[in-house]
1. Let me check I have the definition right: for the stretch 192-382, take the eigenvalues of the Cα gyration tensor, multiply each by 5, take square roots. What are those semi-axes in whole Å, largest first?
2. For every helix of n ≥ 4 consecutive DSSP H residues, a contribution of -39,500 (n - 2.57) applies; sum these over the chain, divide by its total residues, and give [θ] at 222 nm rounded to the nearest 500 deg cm²/dmol.
3. When you take every Cα atom in the stretch 656-704, what is the radius of gyration, and what is Dmax, the widest Cα pair distance, in Å?
4. Select from Leu466, Val490, Gly445 the residue farthest towards the positive end of the dipole of the stretch 414-502; place +1 on Cβ of Lys and Arg, -1 on Cβ of Asp and Glu, and compute about the Cα centre.
5. Take the Cβ-Cβ distance between Ser727 and Val64 as r, set R0 to 30 Å, and report the resulting FRET efficiency rounded to the nearest 0.05.
6. Considering only DSSP beta bridges with both partners in the stretch 192-382, what is the antiparallel share in %, to the nearest 5?
7. Could you state the orientation-averaged shadow area of the convex hull built on the Cα atoms of the chain, in nm² to one decimal?
8. If we restrict to alpha carbons, what Rg and Dmax does the stretch 449-593 come to, in Å?
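The values are calculated or read from the model by the stated rules, or taken from the named source; none is laboratory data. The shown structure was predicted, so the numbers you read here are calculated from the model rather than taken from an experiment. Cβ atoms come from the backbone with ideal geometry, glycine included; neighbour counts cover every protein chain shown. For accessibility, only protein heavy atoms count, side chains too; no ligands or nucleic acids. Shrake-Rupley method; radii C 1.70, N 1.55, O 1.52, S 1.80 Å.
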Amino acid sequence: MKKPATTPPAQQALLRVVLPVPLRREFDYLCPLPLPAPGCRVRVPFGNRALVGLVLAHPDQTDVDLARIKPVTTIIDTIPVLGEAELKLLAWAARYYLHPPGEVYFQALPTLLRKGEDAGYKPVEVWHGLDGDTSTLSRAVKQKQAFELLAPSPMTPGELAARGVPSAILNALAKKGLAEKKEQLPARSDWRGDIRINEDGKPRLTTEQALAVSLLQQAGDFSPFLLEGITGSGKTEVYLQAMEPVLKAGKQVLVMVPEIGLTPQTIARFQRRFPLPVCTLHSAMNERERLDAWLACRDGSAAIVIGTRSALLTPFEKLGLIIIDEEHDSSFKQQDGFRYHARDLALLRAQQLNIPIVLGSATPSFESLYNAASGKYRLLTLSQRPGSATMAEHLLLDSRHVQLEAGLSPQLQQLMAEELEKGNQVMLFLNRRGYAPVLLCHDCGWLADCERCDAHYTWHKSGNRLHCHHCDHQRARPPQCPQCGSSQLVGTGLGTEQVEQALAAMFPQYNAIRIDRDNTRRKGSFEQHLEGIRAGKYQILIGTQMLAKGHHFPDVTLVAMLDVDGALFAGDFRAAERLAQLYIQVAGRAGRASKPGRVVLQTHHPDHALLQDLANQGYRHFAHTALEERRQAGLPPYSYQALFRCQATQGEACREFLVPLAQQLAPALPASVLCLGPFSARMERKAGQFRYQMLLQACSRRDLASACRRALAIADTLPAARRVRWSLDIDPQELW
Ligand code: ADP
Ligand code: ZN
Ligand code: ZN
């Protein structure tokens, strides 16, 4: 048999390309010379589709029969959209997460680029001032002001609107021949050089802050820091000052924040200190805005980039420092598709670029505490609040044997009344929206259960509807019990709506506001509520997590957590860590200004070791004890995990996939790798899907990775794989 050719004909060469398909491989195509560089996009035929692909390499040879290799259709880019550094990072990520490489690389591209659009700015409309007869302006004050603004520097309609110039004025100027609107590419701002720093409001650092700043400023090469600072200790000020020399050296800074932390106040704080181009990158931007911001990072016209998880994968012209605020936040881990952890990849990126990186938190993740203890990170500590801000007092309120009214014990009501009378604000925290988490029939015991999940509907009194918080399914609340016809349908359990309603009766002379996802859906309404709180329009705030993170309410002197007992007995080994982080986060809302604060946790388990530890000793002590427990149990961070998840409309199909997978894998596993399962999810059925999982755990990453590779190879041979949806999650943050 004739051996098929493996080298390409003259005038053509091979391109190795990744495609956005869920296959764990790269693809070869033929391309006329000169070849597009790695990081450029091409359009290629794939089956009967045309796909955008990303060039990775120019191989000399291929494993595929040359006769079967197809030519690329078009070359899209002449300049690579991803540079060498990003390609290296993504290649590593694809290997580490054992994820289809195409999906990994395409994750790093804005949607418009994935679709094959031009990697360039879109021309924008810009108003220019024109020379002409200005005598007619003497009586038109507004037009004169607008003209004076425009004459030295052209501006976009948006910039003009922000300065109070409406389009009618501009059109009037245009009529007089004094202004014109032109389409042009946005100017590439050159912020480098002699940069100014706004010294207004720059405080004198505390000793701890000063030490942290000086160590950060001295760090030139790759050096990871963990900045552990209690809430209100001034971590942001440390970031701001650590950024100064980096920006002065003309290098960019990436600030990563959790999904929920990217508020206008956060951006304003950075913008105020540095009058430089600040750009944001987050999921709520439209496709065009995202591409423009992405381009600004890549071409270096953005000095400071503030973004959520995906910002980490963005190319930078010259990145000099990475800051990850609230590094423990679970939103840094992507929960579907390419399940990367932005914090972990950020460390790798900093290492590859040889730059410093700071992870900041009041409640560092156990992984980071472990890395600090083992010397991998340098630990910087802020243990005090600057100035007169005092530490809050912590109380555990025993709610056994007392009459609770909408979840509030008489003792808590008393504490609230005291603070309210002093003119202070009170914050109640309850992580459950709606009126009641269960609706049941008083006569026959019927429960309003979601048809698609193993879960109860939450009853929302507003709109009188039932809402499943797991699959988002909604329906009207039935007027009668569908089982016995009784009209005695009652809610049990507590939701924010119910507390809000009860407060109106309990404290009629004070205004209460509820903040949860239900009443902040409208764009801008969250900010509006926050504004109202700051202005003192409301005295009682009741809310979910949304209220807990990062917001500054100087008049809040009492914070109470109403019902967290469930988390004490959750199945997930990370539940205690999460609860502690949430508790500290919520507690941090009290006494941020000069007023002393109180933090109250109402519980049926006031003697629980975790709660005692947290309330009396603080997070650090708690974490120390809990980490020791993890060590003894051999759990992360003392071991590594990988989770195979599987879902299907029939539970049987999941078992038909996972059981043989586990069986065939078992003989190949070294003793160092533990395989648990398959077992069903705690909530087995969600949104009509049955869910099963299999967990691998090992003390060595290498052993774990080779076990996973083995399992993937087996999975590909199992016929049941085509009847289920399955995925592999490396370093999973939660079990199903
Ligand atoms: P964290 O991010 O640690 O919660 P922030 O950086 O938001 O804390 O700081 C809390 C408050 O203290 C802010 O209002 C900040 O302006 C102020 N602050 C920070 N550092 C100092 C300082 N050295 N002296 C006085 N006030 C400070
Ligand atoms: Zn009934
Ligand atoms: Zn449901």
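1. Numbers: eigenvalues 102, 89, 49 Å².
With the √(5λ) rule applied to the stretch 192-382, the semi-axes are 23, 21, 16 Å.
2. Working: 22 runs with 228 residues, N = 736.
Rounded to the nearest 500, the figure is -9000 deg cm²/dmol.
3. Looking at the stretch 656-704, its Cα Rg and Dmax stand at 12.8, 37 Å.
4. Ranked along the dipole, the leading option is Leu466.
5. Details: r = 28 Å, r/R0 = 0.92.
FRET efficiency, Ser727 to Val64: 0.60.
6. Working: 1 of 29 bridges.
Within the stretch 192-382, antiparallel bridges account for around 5 percent of the total.
7. Working: hull surface 163.9 nm².
Dividing the Cα hull surface by four gives the mean projection, 41.0 nm².
8. Cα radius of gyration and Dmax of the stretch 449-593 are 17.5, 56 Å respectively.
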